[in-house]
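Please read the structure below before turning to the comments.
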Amino acid sequence: MYAQLFVSFWKIGAFTIGGGYVMIPLMEQELVDRRKWLSREDFMDYLSLSQAMPGVFAVNMATCIGKRLGGMRGVVCAVLGNIMMPIALILLLAVFFRCFRDNVIVERVFMGLRPAVVALIAAPVFRMAKSAKVTWNNFWIPVVAALLVWLLGVSPVLVILAAICGGLLYGWITAKKQS
């Protein structure tokens, strides 16, 4: 089990270009679809928790899932698997990038990767919206939140606090109507 956990997170870390959020589709495919270690709902819960925790998102995911599947040994296996290849690649890039940073081909490769990274981040957003039960009645909430942060420069912390207050108010009003 520990070896499988290490290898699964090693693959996720090794084949991810673009940061933690790009790992989401790979994690979902490996942990939910292929290994069936988590239900889609559990995966979404860990995703939400990992985003809310301070620190690196991918390590937070590896920590939560490793703990659930194998206790502290599972945490060590998942986290080491997840960070081993990216650290090695970063070190190699740091050593060799100075030699190639002005190379036109390298520049074009990075330019080509940018749209792919955006697509890899967008795909889980749509799956998350479906799992979070975003409908035509409430789709305006994430749209307004994104616009507030993106266009108006509102702090994400304020948006999160407003969402918490809105959720509490909605729950209070709904409970009042039912009683």
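For this structure, a couple of remarks:
- Comparison of 31, 38, 69 shows that the only residue that is in the same structural domain as residue 123 (by TED's automatic domain parsing), aliphatic (A, V, I, L, M) and in contact (Cβ under 8 Å) with a residue 40 or more places away in the chain is 69.
- Among residues of the range 46-60 being without any contact (Cβ under 8 Å) to a residue 60 or more places away in the chain and within 8 Å of the chain's Cα centre (by Cα), the one that is surrounded by the fewest Cβ atoms within 10 Å (Cβ to Cβ) is 51.
- On the stretch given as the range 153-173, residues that are under 20 Å from residue 51 (Cβ atoms) and either outside the structural domain of residue 141 (by TED's automatic domain parsing) or of a type in the set (Gly, Ala, Ser) (or both) total 5.
- Flag if residue 139 is over 20 Å from residue 13 (Cα atoms), aromatic (Phe, Trp, Tyr) and loosely packed, with under 13 Cβ neighbours inside 10 Å: yes
- Top-ranked residue in the range 144-155 [being within 21 Å of the chain's Cα centre (by Cα) and exposed (fewer than 11 other Cβ atoms within 10 Å of the Cβ); ranked as farthest from residue 24 (Cα to Cα)]: 155
- Set 94, 122, 78, 116: member being assigned by TED's automatic domain parsing to the domain that holds residue 24 and in contact with a Lys or Arg (Cβ under 9 Å, 6 or more places away or on another chain): 78
- Of all residues in the range 114-131, none satisfies being over 22 Å from residue 28 (Cα atoms) and out of contact with any His (no Cβ under 7 Å at 6 or more places or on another chain).
- Residues located in the range 1-41, provided they are charged (D, E, K, R) and either touching a Ser or Thr at 6+ places or on another chain (Cβ under 9 Å) or surrounded by 15 or more Cβ atoms within 10 Å (Cβ to Cβ) (or both): 11, 28, 30, 34, 35, 40, 41
- Filter pass, residue 75 being under 30 Å from residue 4 (Cα atoms) and either in contact (Cβ under 8 Å) with a residue 60 or more places away in the chain or among the aliphatic types (A, V, I, L, M) (or both): yes
The values are calculated or read from the model by the stated rules, or taken from the named source; none is laboratory data. Here the structure is a predicted model, which is why all the values come from computation and not from measurement. No Cβ is skipped: glycine too gets one built from the backbone with ideal geometry, and neighbour counts run over all protein chains shown.
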